[in-house]
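Asks: Okay, handing you the structure first.
The values are calculated or read from the model by the stated rules, or taken from the named source; none is laboratory data. Since this is a predicted model, take the numbers as computed values, not measurements. No Cβ is skipped: glycine too gets one built from the backbone with ideal geometry, and neighbour counts run over all protein chains shown. Note: areas computed on protein heavy atoms with side chains; ligands, DNA, RNA excluded. Shrake-Rupley method; radii C 1.70, N 1.55, O 1.52, S 1.80 Å.
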Amino acid sequence: MAEVLVFVDHVDGAVRKPTLELLTLARRIGEPVAVALGNGAGDTAATLAEHGATRVLTHEAAEYADYLVVPKVDALQAAVSAVSPAAVLVPSSAEGKEIAARLALRLGSGIITDAVDLEAGEDGPVATQSVFAASFTTKTRVSQGTPVITVKPNSAAVEAAPAAGAVEALTVAFSAAATGTKVTARTPRESTGRPELTEAAIVVSGGRGVNGSENFAIIEALADSLGAAVGASRAAVDAGWYPHTNQVGQTGKSVSPQLYIANGISGAIQHRAGMQTSKTIVAVNKDAEAPIFDLVDYGVVGDLFDVVPQLTEEINTR
Ligand code: FAD
């Protein structure tokens, strides 16, 4: 069976959920071989093996933390040479997409970004994408070189599938460009205690209907009752009620959670572009004609200032 490289996103050896989802998808198209780089790379092996990695290629070097993405691209290119995989899968984070694009260029390969599903095809892996502001769902296949595919978080379930997970050292010779851009400082964002928006299993968003930054407290309360991330429409962000880092949509972040709850959001095409692939969509809107209701699995026609606190209270009592 062909091997499939999976780029491991981890923090000091703690594997992040999108990588475990990639392992689920990788198993559909071949045998997953994980590539873990940087501080703690070796510590990822047990978790990766539990989720189906047959081999874990590791390389620890300061360059991965001290410089931007090029050292990681060098390492993935070395892994491609060593393994000759059927595909390379990378999480669709900002960094992941940059790594994937640079790798595809180096390999002379086609790239598919922001896939939401993956299946085996006769001529290679077939990816499902949501394109043109979510107006169409397409099935795409790379026809040149080793397919490089980035996959959106929450596109697959995390599944235990114990495998050998044999740890092997990867030999990497860094290119001249690897040390081109040095990271001089890292300033961690103040933690809200909520999950990262693009990785959260549940996202609770507020729009213009929230009517003021102070009222976002009720959106946050609902989010906290569900362990969710908070999102916002551009109208709410432009009004200065919530930070741009939380904007969902065409010019914000793209999310694909299990559950998306839109409160006081009309459902403009540019907002839908960032959330339409959510598995279950719920909207609270006082206008029964709001376009968001064309999209939802469950819709509540009502004033969010009545509905949301009741919902939060109900969830908190369970
Ligand atoms: P509105 O469209 O004003 O809708 C507010 C909704 O709240 C209404 O449906 C109303 O019935 C409801 N409401 C009001 N009060 C209540 C209440 N008390 N209880 C319940 N419901 C209530 N938008 C994005 O979101 N993300 C993007 O990334 C984005 N990118 C864009 C890029 C471009 C190039 C352009 C041109 C636009 C972009 N937009 C984006 C803007 C987009 O077109 C809409 O203007 C925006 O999404 C509207 O936000 P909204 O739904 O919060 O506001």
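Asks: Tell me whether the range 105-118 contains one or more residues that are under 16 Å from ALA178 (Cα atoms), open to solvent by 30 Å² or more (accessible area, probe 1.4 Å) and outside any helix (DSSP H, G or I).
Replies: There is no residue in the range 105-118 that is under 16 Å from ALA178 (Cα atoms), open to solvent by 30 Å² or more (accessible area, probe 1.4 Å) and outside any helix (DSSP H, G or I).
Asks: Out of curiosity, is GLU168 open to solvent by 60 Å² or more (accessible area, probe 1.4 Å) and in a loop (DSSP other than H, G, I, E, B)?
Replies: The answer is no for GLU168.
Asks: Name the single residue, out of those in the range 195-212 being modelled with pLDDT of 95 or more and open to solvent by 60 Å² or more (accessible area, probe 1.4 Å), that is nearest to the ligand (Cβ to nearest atom).
Replies: ARG208
Asks: Looking only at the range 268-278, filter to residues that are near the ligand (Cβ under 6 Å from one of its atoms) and surrounded by fewer than 19 Cβ atoms within 10 Å (Cβ to Cβ); which one of those is nearest to LYS253 (Cα to Cα)?
Replies: GLN270
Asks: Right, here's the next one. Among the β-branched types (Val, Ile, Thr), under 24 Å from GLY193 (Cα atoms), near the ligand (Cβ under 8 Å from one of its atoms) and modelled with pLDDT of 95 or more: does that describe VAL237?
Replies: On the way: among the β-branched types (Val, Ile, Thr): yes; under 24 Å from GLY193 (Cα atoms): yes; near the ligand (Cβ under 8 Å from one of its atoms): yes; modelled with pLDDT of 95 or more: yes.
Considered against the rule, which asks whether it is among the β-branched types (Val, Ile, Thr), under 24 Å from GLY193 (Cα atoms), near the ligand (Cβ under 8 Å from one of its atoms) and modelled with pLDDT of 95 or more, VAL237 comes out as yes.
Asks: Would you pick out the residues in the range 197-219 that are among the charged types (D, E, K, R) and either over 28 Å from LYS152 (Cβ atoms) or over 22 Å from the mean Cα position of the chain (by Cα) (or both)?
Replies: ARG208, GLU214
Asks: Out of (1) open to solvent by 60 Å² or more (accessible area, probe 1.4 Å); (2) assigned to a loop (DSSP other than H, G, I, E, B); (3) away from the ligand (no atom under 16 Å from the Cβ), what's the single condition that is false for ASP224?
Replies: Exception for ASP224: condition (2).
Asks: Residues ALA160, ALA156: which one is open to solvent by 30 Å² or more (accessible area, probe 1.4 Å), assigned to a loop (DSSP other than H, G, I, E, B) and under 30 Å from TYR260 (Cα atoms)?
Replies: Values: ALA156 fails: open to solvent by 30 Å² or more (accessible area, probe 1.4 Å).
Exactly one of ALA160, ALA156 is open to solvent by 30 Å² or more (accessible area, probe 1.4 Å), assigned to a loop (DSSP other than H, G, I, E, B) and under 30 Å from TYR260 (Cα atoms), namely ALA160.
Asks: Another question about this same structure. So which pairs qualify, if the first residue must be in the range 192-211 and farther than 26 Å from LYS286 by Cβ, the second must be open to solvent by less than 30 Å² (accessible area, probe 1.4 Å) and within 13 Å of the ligand (Cβ to nearest atom), the Cβ gap must be under 6 Å, and the two must be at least 6 apart or on different chains?
Replies: As it stands, the answer is THR198/VAL255, since those pairs meet every condition given.
Asks: Looking only at the range 280-306, how many residues end up being out of contact with any helix residue (DSSP H, G or I) (no Cβ under 9 Å at 6 or more places or on another chain), exposed (fewer than 14 other Cβ atoms within 10 Å of the Cβ) and free of Cβ contacts under 8 Å to residues at least 24 places away in the same chain? Break it down into steps so the answer makes sense when it comes.
Replies: Kept after step one, since they are out of contact with any helix residue (DSSP H, G or I) (no Cβ under 9 Å at 6 or more places or on another chain), are these residues of the range 280-306: 280, 282, 288-290, 293-294, 296-298, 302, 306.
If we keep only those that are exposed (fewer than 14 other Cβ atoms within 10 Å of the Cβ) too, we end up with 280, 288-289, 294, 297-298, 306.
From the residues that got through so far, the ones that are free of Cβ contacts under 8 Å to residues at least 24 places away in the same chain too are 280, 288-289, 297-298, 306.
So the count comes out to 6.
Asks: State whether one or more residues within the range 240-256 are part of a helix (DSSP H, G or I), of a type outside the set (Phe, Trp, Tyr) and either open to solvent by less than 10 Å² (accessible area, probe 1.4 Å) or within 9 Å of the ligand (Cβ to nearest atom) (or both).
Replies: There is no residue in the range 240-256 that is part of a helix (DSSP H, G or I), of a type outside the set (Phe, Trp, Tyr) and either open to solvent by less than 10 Å² (accessible area, probe 1.4 Å) or within 9 Å of the ligand (Cβ to nearest atom) (or both).
Asks: Could we say that ASN215 is open to solvent by 60 Å² or more (accessible area, probe 1.4 Å), among the polar types (S, T, N, Q) and modelled with pLDDT of 95 or more here? Spell out how you get there, then give the answer.
Replies: Values: open to solvent by 60 Å² or more (accessible area, probe 1.4 Å): no; among the polar types (S, T, N, Q): yes; modelled with pLDDT of 95 or more: yes.
Considered against the rule, which asks whether it is open to solvent by 60 Å² or more (accessible area, probe 1.4 Å), among the polar types (S, T, N, Q) and modelled with pLDDT of 95 or more, ASN215 comes out as no.
Asks: Would you tally the residues in the range 284-314 being away from the ligand (no atom under 12 Å from the Cβ), charged (D, E, K, R) and assigned to a loop (DSSP other than H, G, I, E, B)?
Replies: Of the residues in the range 284-314, 1 are away from the ligand (no atom under 12 Å from the Cβ), charged (D, E, K, R) and assigned to a loop (DSSP other than H, G, I, E, B).
Asks: Being crowded, with 23+ Cβ neighbours inside 10 Å and of a type in the set (Val, Ile, Thr) narrows it down to one of THR54, THR19, so name that one.
Replies: Values: THR54 fails: crowded, with 23+ Cβ neighbours inside 10 Å.
Result of the check over THR54, THR19: THR19.
Asks: If only one of ILE281, ILE218, ILE265 is hydrophobic (A, V, I, L, M, F, W, C) and near the ligand (Cβ under 9 Å from one of its atoms), which one is it?
Replies: ILE265
Asks: Which one of ALA26, ALA78 is among the aliphatic types (A, V, I, L, M) and open to solvent by 10 Å² or more (accessible area, probe 1.4 Å)?
Replies: ALA78
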